[in-house]
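The values are calculated or read from the model by the stated rules, or taken from the named source; none is laboratory data. Please read these numbers as outputs of a predicted model, since none were measured by experiment. Virtual Cβ from ideal backbone geometry, glycine too; neighbours counted across all protein chains shown.
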Ligand SMILES: [Zn+2]
């Protein structure tokens, strides 16, 4: 499902660093939009502020289009610590994105906490015919980070 570049590894390493630098208890869900090797926008999940649709991927797309409504998203990659949910993958499709790189799978997060949709991005991509390239990168590192996070916050 698509190849991995050094830029992908750098971007995902950056997301792990953001995760480490964030305050204790703050969400582990981060997303970053890049055009080739240039960072356009980063965002964190903000659902704790009251909007249940404020997932990191939605936030990053909303901010990117607000900053530049004519952005050429076909040349961009969305990086996210977790495989996008159906809402976010649909937003990627309507936003014109062709490539998404993620760390942990939704299936993995569902083993740690309830509440995620029972449909993975890979399944939705295939059912809906979105044709977005979905690439999982640094799976072991992200699984270990998420496991530690949910252990600390009592949700495993
Ligand atoms: Zn989502």
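Annotations for the structure displayed:
- Residue among 31, 43 that is surrounded by 19 or more Cβ atoms within 10 Å (Cβ to Cβ) and without any contact (Cβ under 8 Å) to a residue 24 or more places away in the chain: 43
- Selection count, segment 35-45, where residues are more than 10 Å from the ligand (Cβ to nearest atom) and either touching a helix residue (DSSP H, G or I) at 6+ places or on another chain (Cβ under 6 Å) or part of a helix (DSSP H, G or I) (or both): 6
Here is a yes/no grid of residues against (1) within 22 Å of residue 17 (Cα to Cα); (2) touching a helix residue (DSSP H, G or I) at 6+ places or on another chain (Cβ under 6 Å):
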residue	(1), (2)
106	yes, no
112	yes, yes
116	no, yes
119	no, yes
125	no, no
129	no, no
133	no, no
144	yes, no
152	yes, no
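- Selection from segment 53-72 of residues that are more than 10 Å from the ligand (Cβ to nearest atom) and not in a helix (DSSP H, G or I): 68, 69, 70, 71, 72
- Of note, residue 97 satisfies the criterion of being touching a residue at least 24 places away in the same chain (Cβ under 8 Å) and part of a loop (DSSP other than H, G, I, E, B).
- Hits in segment 101-156 - residues which are under 18 Å from residue 26 (Cα atoms), without any contact (Cβ under 8 Å) to a residue 40 or more places away in the chain and buried (at least 20 other Cβ atoms within 10 Å of the Cβ): 109
- When residue 84 is tested against (1) at pLDDT below 95; (2) part of a loop (DSSP other than H, G, I, E, B); (3) surrounded by 15 or more Cβ atoms within 10 Å (Cβ to Cβ), exactly one condition is not met: (1).
- Qualifying residue in segment 2-25 (condition: buried (at least 17 other Cβ atoms within 10 Å of the Cβ) and outside any helix (DSSP H, G or I)): no
- Some residue of segment 106-114 being assigned to a helix (DSSP H, G or I), over 16 Å from residue 138 (Cβ atoms), at pLDDT 95 or above and within 12 Å of the ligand (Cβ to nearest atom): no
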